[in-house]
1. Given just the C-alpha atoms of region 34-150, how large is their convex hull per residue in cubic angstrom?
2. Given the convex hull of the Cα atoms of region 93-217, what is a quarter of its surface area in nm²?
3. Starting from the Kirkwood radius over alpha-carbon pairs of region 178-228, derive D by Stokes-Einstein at 20 °C in a medium of 1.002 mPa s and give it in µm² s⁻¹.
4. Would you please report the Å³ per residue occupied by the convex hull of the alpha carbon atoms in region 158-308?
5. By the gyration tensor of its Cα atoms, with a ≥ b ≥ c the square roots of the eigenvalues, what is the shape of region 206-247: rounded for a/c under 1.5, prolate for a/b over b/c, or oblate?
6. Suppose we take every Cα in the chain and form the convex hull; what volume per residue is that in Å³?
7. If one computes the Cα centroid of region 290-308 and of region 182-197, what distance in Å separates the two points?
8. P(r) for region 147-238: what percent of alpha-carbon pairs falls in each 10 Å bin, starting at zero?
Amino acid sequence: MRAPRFIPLRRQRGVALLLALLALALALLLIASLLDAGEQTRGRARTAWRAEQGWQLLIGLEAWAADSLRRDRQANGIDHPGSAWRQPMPPIDVPGARIGGQLQDLGGCFNLNALHAAGQDDARAIARFERLLRALTLDVAIAAQAADWIDADTQARSGGAEDAQHLLRTPSRRAANRPFVDVSELRLLPAVDAEAYRRLAPLACALPSDHTINLNMAAPELWMSLHESIGAGEARRLAREGQARYAGIDAVASELQAMQLAGVDLSGTGVQTRYVLAVAEIEADGLPFRYTSLLQRGEQGTRVLWRR
């Protein structure tokens, strides 16, 4: 019978030390993981809390915006580049945060959703959009593609783009078959590249069908979209170098008559802004937040259509 082997005491101590080191390393890893998870949880909670705080501050800014718009309409009745409500709100320090904001006028833009509304094309809107594209030296096929993006059928119009064209692109997609939600959807149209979008986006918007162009806010290119007879020179004169302050559509008609510009259809235009974008810039606990609200003005006051 063979005698049992005994591990020397020195070797036993070495193994025990190694096991102790391994146990210590595992414990340190566990503690570090728990600390990291706790820090992430606290970070998420802090961000969520600050986001909620910013959201409530946005609601306060909307109240300020509604009051500014109400007072301005009572005082003037028209909206123009010098309107008081267009001035930015000075930054205000509140407990734990700072808020600043401004109101962006959406009257001086072409409403993409006017191209096809209530289930049918609007020939006047399509013609205006094509003239706007020519004024910007862009491909007029963008108008057909934008109308196809909205309408419910799958038949592409001349120069347009329906599912068959969109599915060939990378990544592939289908036509929305609904109104534009945001002007950035223009980038999904085959004829709109980065340069075309850069030039067109400031003059376009995606709003409800009751939007009217505020001619006091209209850029020369929008004036050119009203009629073929309005050239670049006439448009700059009508826009008054960005300082137009027409008191009403009758004043616009008188100006057109004085310039011997006949046959200009002024339907769908006005001198008041119905839709305004409220932009809130909020810094809470060193974290920046940006919120926007679409406001609709009416005779009964101002209401919020969406927030984001």
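Nothing in this text is a laboratory measurement; each read-out follows from the coordinates by a stated rule. Please read these numbers as outputs of a predicted model, since none were measured by experiment. Quick reminder, even Gly has a Cβ in these numbers, built from the backbone with ideal geometry, and neighbours come from all protein chains shown.
1. In region 34-150, the Cα convex hull volume per residue is 227 Å³.
2. Values: hull surface 41.2 nm².
Quarter of the Cα hull surface area: 10.3 nm².
3. Once the numbers are plugged in, D ends up at 173 µm²/s.
4. Numbers: hull volume 27.9 nm³, N = 151.
Considering the Cα atoms of region 158-308, their hull volume per residue is 185 Å³.
5. Values: a/c = 2.47, a/b = 1.40, b/c = 1.76.
Oblate.
6. Enclosed volume per residue, from the Cα hull, is 247 Å³.
7. If you average the Cα positions of each part, the centres end up 26 Å apart.
8. Final binned percentages: 14, 37, 33, 14, 2.
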